[in-house]
Structure formats: structure tokens, C-alpha cells
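Have a look at the structure below, then the notes.
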Amino acid sequence: MPLILDGKKARDSYKSRLIERVGALSCTPTLALVQIGDNRESTIYIEQKKKFGQTIGAHTEHIHLPENATENSISSRILALNRRDDVHGIIIQLPLPAHLDRLSLINLIDPEKDVDGLTDENQRLLEEGTPRHIPATAKGVSLLLDFYGISPAGKKAVVFGRSRLVGHPAAKLLEMKGADVSVCHSKTEDPEKISKTANILVVAVGKPGLIGARHVKEGAVVIDVGINSVSGAKLEEEIPKRKIVGDVDFEAVQSLASAISPVPGGVGPMTVLSLFDNLISSAEKSCPRQR
Ligand code: NAP
């Protein structure tokens, strides 16, 4: 059996440090969560963030705008949040309704408060190797590896996916930690051949079961970032029942991997932790410490 990289255990261990950092501040770190529309998953993720924030003493403010909100009205809300000294982080919950341009809205966020690390400025800083806020999921992958004492230095790492949100920053972080990194994307030819070379394989695609035994070298560390909702129904009357699976076929890969992150319970909890880590760093810059 491979080592199971337990994100809840790692999160809870890092959490006590976050609580200490919040306690040392003269202000309450405050995260503004901007939601547009009523996407069900977005509502669940926002609730998870609010709940985690409460457990570490941070404050969250949920700004919920209607599905048909105009770009102008959203822009003015973001600019108002930028001006508030008592708000240290702003995130726009994705995905957005189709009529909105996500990048132009994200780029309105003050980069100091962009705790998702998605503005052009924060992406550029990461690219240059001097990150301000690292996108939370990529940072979560890195912290999960750290927690289990898995160093990427000198290893061959392969990342599936190259999005601004996950794949690209995850590859950059692994590279900064000394790994030799290859990236596979939707146009990559013969991805199995590339992934078979990996000591560390990170998968962030959004396709259930994409990665099977043919992709994994014996002894590899496999990090499954994917979150896919599939039917968990065994009987016809259970059809509305859904379950969450990753991008990796866990059953097929577990006999090869030396360590693997499960879905759920792997990278997911680390993402929320990392978001609040970024928020606290932002608050530490803008409000003085108590002692
Ligand atoms: P995304 O923006 O849709 O990007 C998907 C990436 O996968 C793209 O770069 C795409 O390549 C690549 N891809 C598509 N088919 C591929 C294939 N057959 N082989 C290799 N690469 C392929 O998705 P995302 O936002 O990065 O999210 C990826 C997954 O992570 C989703 O399941 C999402 O739900 C999950 N996620 C999890 C967390 C967490 O906390 N655990 C957080 C965020 C996201 P191209 O660039 O060529 O199109």
C-alpha cells in the first residue's frame, strides 16, 4: 500500500501556526468573497472558506451579486473593496457567468489583496521566481509534499494541466524547489511516455480516471488535484446521488505509487489552508503586530 498523503492531517497540523499568526495581529484578517450568481459548487466552496476562516479567527465577508450583474457594477464593488483598509484579501469565486470577462475583473483587484494570486502582476512575480501570493491550490500541493518530507529537489516532476489557477503555478513551484519539470496538456503527444518518467506526478486536468497504471512509474509520488462530480448511483432511484473523484484511477495506480493523495481529502483541504495563509501574509503587511 502506498503512503496516503492525508490533506486533512497536514492542514490541521499547519493550522495551529495560522492561529498563532492571527493572534499576533492587531487587526482581524478579513477576506472578501465575491460571488456572482448561484453556482452550486461555488456556494459550497464559499461555505468551506467561511467555516475554515472562523476556526482560525479570520473574518470573511460574502458579497453575493446576482447572475445578471453587469461588469460595471461588479467593478465598482471590487474597487470599493480595494480602498477599504479593513479588507486584506479579495477573491472572485470562479467560474463566472458567461457574459463576464474573468481576467479583466480579476485584474481590478489590488495585487496586494489578490490572495488567489491570479492577477497578471502576481502571475508575473511568480514567473520571475519572486512570488507575492501563490495560487492556493499550487501552494497546497507544495505544502502537502513538505508535510510528508518529500523534496522535489533533483527529482523529475511531471504536471498534467497548465492553467493559470493550478497547473502552471504548480509546475513553477516545483521548478523553484529544484525539480526538473515537464508539463503535459491537451495537445501533448504520447503523455504516457512523459509521465512514466516522473518521480513526482501532479495531475490537475478535470477528467475522472485520466491517469491509469500506464502513466505511473513504480515508486512515483502521485498528487491528484482533480475534483470531478460523477454519479455514485448504484440503483436507478439513486441517480441524483453524486460523488467526488479525482483525475487519477486510484485503484489502478495504488500498487505502483509510493505515495498518493486521495480525492476527497488530499489537496482540497490544503487549498483552503493556503488561501488563508496568503490572507494572513497580506494582513501582516498592512496592520501592525500586537507584540
Ligand atoms: P482548467 O482550467 O480546465 O485546465 C485544465 C488543464 O488540463 C488545461 O491546461 C488543459 O490543457 C489540460 N488538459 C486537458 N485535457 C488534458 C489531457 N488529456 N492531458 C493533459 N492535460 C489535459 O482546470 P483547472 O482550473 O486547472 O482545474 C483542474 C482540475 O483541478 C479540475 O478538476 C478542478 O476541479 C480541480 N481543482 C481542484 C482544486 C482543489 O482544491 N483540489 C482547486 C482548483 C481546481 P490545455 O491548456 O491545452 O487546454
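For region 154-189, applying the loop criterion from DSSP together with a ceiling of 14 other beta carbons within 10 Å to the trypsin sites (Lys or Arg not before Pro) yields Lys187.
Normalised by residue number, the volume inside the convex hull of the Cα atoms of region 21-77 is 73 Å³ per residue.
Close amide H pairs (under 5 Å, H built 1.01 Å from N) link Arg242 with Gly232, residues at least 5 positions away or on another chain. Among the cysteines of the chain, those with no neighbouring cysteine Cβ under 4.7 Å are Cys184. Looking at region 74-134, the GluC sites (Glu not before Pro) that sit in a DSSP loop and have at most 10 other Cβ atoms within 10 Å of their own Cβ are Glu128.
The alpha-carbon atoms of region 136-268, seen along their principal axes, cover 51, 29, 28 angstrom, with the largest extent given first. A simple spin-label model places the labels of Ala98 and Ser26 5.1 nm from each other, with each point 7 Å out along Cα-to-Cβ. If one puts a single equal scatterer on every Cα of region 21-150 and applies the Debye formula without solvent, what log₁₀ I(q)/I(0) results at q = 0.12 Å⁻¹? Ignoring solvent entirely, the Cα scatterers give -0.50. The Ser231 and Tyr148 beta-carbon pair, evaluated with R₀ = 41 Å, returns a calculated FRET efficiency of approximately 0.80.
If you take the Cα centroid of region 260-281 and the Cα centroid of region 41-56, the two points sit 12 Å apart. Taking every DSSP beta bridge that has both residues in region 136-268, what percent is antiparallel when rounded to the nearest 5? Given both bridge residues lie in region 136-268, the antiparallel proportion sits at roughly 20 percent.
Projecting the Cα atoms of Ser104, Tyr45, Gly89 onto the charge dipole of region 26-114 (Cβ charges, centred on the Cα centre) puts Tyr45 farthest toward the positive pole.
Every pair of different Cα atoms in the chain enters the Kirkwood calculation, which places the hydrodynamic radius at 19.8 Å. The dipole here belongs to the chain: it is taken about the Cα centre, uses +1 on the Cβ of Lys and Arg and -1 on the Cβ of Asp and Glu, and is about 600 debye.
Coupling constants for region 148-159 follow from the phi torsions by the Karplus curve (6.51 cos²θ - 1.76 cosθ + 1.60, θ = phi - 60°), and in residue order they are 8, x, 9, 8, x, 4, x, 9, 8, 10, 10, 10 Hz; glycine and proline get x. Taking Val202, Val181, Val267 in turn, the Gaussian network model of the chain (Cα-Cα springs below 10 Å) assigns the largest fluctuation to Val181.
Counted over the chain, the DSSP beta bridges are approximately 15% antiparallel. Amide H to amide H distances under 5 Å link His62 with Leu33, where only residues 5 or more positions off or on other chains count and H is placed in the peptide plane.
Note on region 129-151 and region 180-199: Cα centroid distance 21 Å, given to the nearest whole angstrom.
No value in this document is a laboratory result; all are computed from the given coordinates. Remember, predicted model here, so these are calculated numbers, not experimental data. Cβ coordinates were reconstructed from backbone atoms using ideal geometry, including for glycine residues, and neighbour counts include every protein chain displayed.
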